[in-house]
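J.: Next up is a structure, given as structure tokens.
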Amino acid sequence: MEQKNQQNNTFDNWSIFDECKNINLTDDIKKQLNDYYNLVVEENNKYNLTRITDENDFYEKHIVDSLLFTNVYPIYDQKMADIGSGAGFPGIVLKIFFPETKITLIESNNKKANFLNLAISRLGLKDIEVSSERAEVFSVEHKEEFDVVISRAVAYLDIILEIGVQMLKVDGVYILLKGPRAQEEMNNSGNLPTKLNLSLKDTQILSDTGFGTRVNLFYQKNGHTDAKYPRKYATIKKESGINK
Ligand SMILES: C[S@@+](CC[C@H](N)C(=O)[O-])C[C@H]1O[C@@H](n2cnc3c(N)ncnc32)[C@H](O)[C@@H]1O
């Protein structure tokens, strides 16, 4: 196995990580990233993980993209939840770079949740677990347990804020890794963030990532969220700004 990973270790464009200011790219981390890339590519057909399999694209569009928000919000030993991790973005990447962080990956697709468990065991990651519950259920069962909730490419802004807000501690930060339509999603979310007791604390706009424009949103939770949230999923979807 060791030899195989060694042979597959072809990535040499490490300078793309230069734009991530608060990371430490060690040789051990480079090896873990290579092992992770090889595992995703090997298992992709079985688990239907990603369309991005070219090695350079994978590093730029999945790995660096999962880290850029840490320029604005540094990660140390917070307790984090990643909603809709898919193949592990950003949760697995964050665990590799910030091993002292405690991370829960919430992924309701059983196949993908199985892959996440496989990746955790193959990469030897500690203090990271997977829940295959839907986030709106998990959130109520784990009320105010997390310092940080993060999510990339899972749902329209108002939907993701409502389904995940209950698991966030008061004063915690909700981080949404969004694309160029973030402003439109904010406009269409009306005053729902205020009703949830969230306020936008920071916005990070990155114009030349592998995905084009990336907009990362940082919401602070100012107090408890009313127990009537999250509403029934059908109601959330019906009333979402996505329909405007
Ligand atoms: C488009 S993928 C994005 C995956 C990953 N975050 C990324 O950026 O590559 C969205 C993932 O969210 C999961 N998902 C969608 N709604 C969810 C929910 N309510 N609770 C948990 N997982 C959910 C889906 O199963 C899917 O794997």
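Here, each number is a calculation from the coordinates, and none is a lab measurement. Just so you know, these numbers come straight off a predicted model, no measurement behind them. Don't worry about glycine lacking a Cβ; one is built from the backbone with ideal geometry, like all the others, and counts go over all protein chains shown.
J.: Between Glu184 and Asn56, what FRET efficiency follows from the Cβ-Cβ distance if R0 is 25 Å, with the result rounded to 0.05? Present the calculation step by step, with values, prior to reporting the outcome.
T.: Details: r = 30 Å, r/R0 = 1.21.
Calculated value: 0.25.
J.: Contour minus end-to-end for Arg122 and Lys244, with contour as 0.36 nm per residue of separation and end-to-end as the Cα-Cα distance? Each step should come with its number before you reach the end.
T.: Values: separation 122, 0.36 × 122 = 43.92 nm, distance 4.41 nm.
Residue separation times 0.36 nm, minus the Cα-Cα distance, leaves 39.5 nm.
J.: Could you sort the peptides 190-199, 127-136 by per-residue average Cβ neighbour count (10 Å cutoff), highest mean leading?
T.: Values: 190-199: 16.2, 127-136: 18.7.
Ranking, from highest mean packing down: 127-136, 190-199.
J.: Another question, if that's okay. Pairs Lys46/Lys102; Lys31/Lys111; Lys143/Lys221; Lys169/Lys195: which exceed 21 Å Cα-Cα? Please list the in-between numbers first.
T.: Values: Lys46/Lys102 28 Å; Lys31/Lys111 25 Å; Lys143/Lys221 13 Å; Lys169/Lys195 16 Å.
Over 21 Å apart, Cα to Cα: Lys46/Lys102; Lys31/Lys111.
J.: Report the convex hull volume per residue for the stretch 82-123, counting only C-alpha atoms, in Å³. Present the calculation step by step, with values, prior to reporting the outcome.
T.: Details: hull volume 2.4 nm³, N = 42.
Per residue, the Cα convex hull of the stretch 82-123 comes to 56 Å³.
J.: Among Leu105, Leu177, what is the fewest-to-most ranking by other Cβ atoms within 10 Å? Intermediate values should be presented prior to the final figure.
T.: Working: Leu105 27, Leu177 22.
Arranged by neighbour count, lowest to highest, Leu105, Leu177 become Leu177, Leu105.
J.: Moving on. Once you have the Cα-Cα distance between Lys143 and Lys21, take 0.36 nm times their residue separation minus that, and quote the gain in nm to one decimal.
T.: Working: separation 122, 0.36 × 122 = 43.92 nm, distance 3.23 nm.
Here the answer is 40.7 nm.
J.: Please tell me the relative contact order of the stretch 2-243 in percent, rounded to the nearest whole number, where contacts are Cα pairs under 8 Å and at least six residues apart.
T.: Working: 412 pairs, mean separation 37.8, N = 242.
RCO, the stretch 2-243: 16 percent.
J.: Given 0.36 nm per residue, what is the gain on full extension from Ala153 to Asn114 after removing their alpha carbon distance, in nm?
T.: Numbers: separation 39, 0.36 × 39 = 14.04 nm, distance 1.98 nm.
12.1 nm is the gain from fully extending Ala153 to Asn114.
J.: Using all alpha carbons of the chain, what is the percent of pairwise distances in each 10 Å bin, ordered from the shortest bin to the longest?
T.: Per 10 Å bin, starting at 0, the Cα pair percentages come out as 7, 33, 37, 18, 4, 0.
J.: While we're here: Between Glu133 and Ile29, what FRET efficiency comes out of the Förster formula 1/(1 + (r/R0)^6) with R0 = 35 Å and r the beta carbon distance, rounded to 0.05? Could the numbers behind the result be given before it?
T.: On the way: r = 30 Å, r/R0 = 0.86.
Using R0 = 35 Å, I get an efficiency of 0.70.
J.: At Arg231 and Val41, where each label point lies 7 Å from the Cα along Cα→Cβ, what is the point-to-point distance in nanometres?
T.: Distance between the two pseudo-spin positions: 4.7 nm.
J.: Roughly what % antiparallel, to the nearest 5, for the DSSP beta bridges in the stretch 2-243?
T.: Details: 15 of 34 bridges.
Within the stretch 2-243, antiparallel bridges account for around 45 percent of the total.
J.: Give the long-range amide H neighbours of Lys178: residues separated by 5 or more places, or on another chain, with amide H under 5 Å away, using H modelled in the peptide plane at 1.01 Å from N.
T.: Amide H neighbours of Lys178: Val215, Asn216, Leu217.
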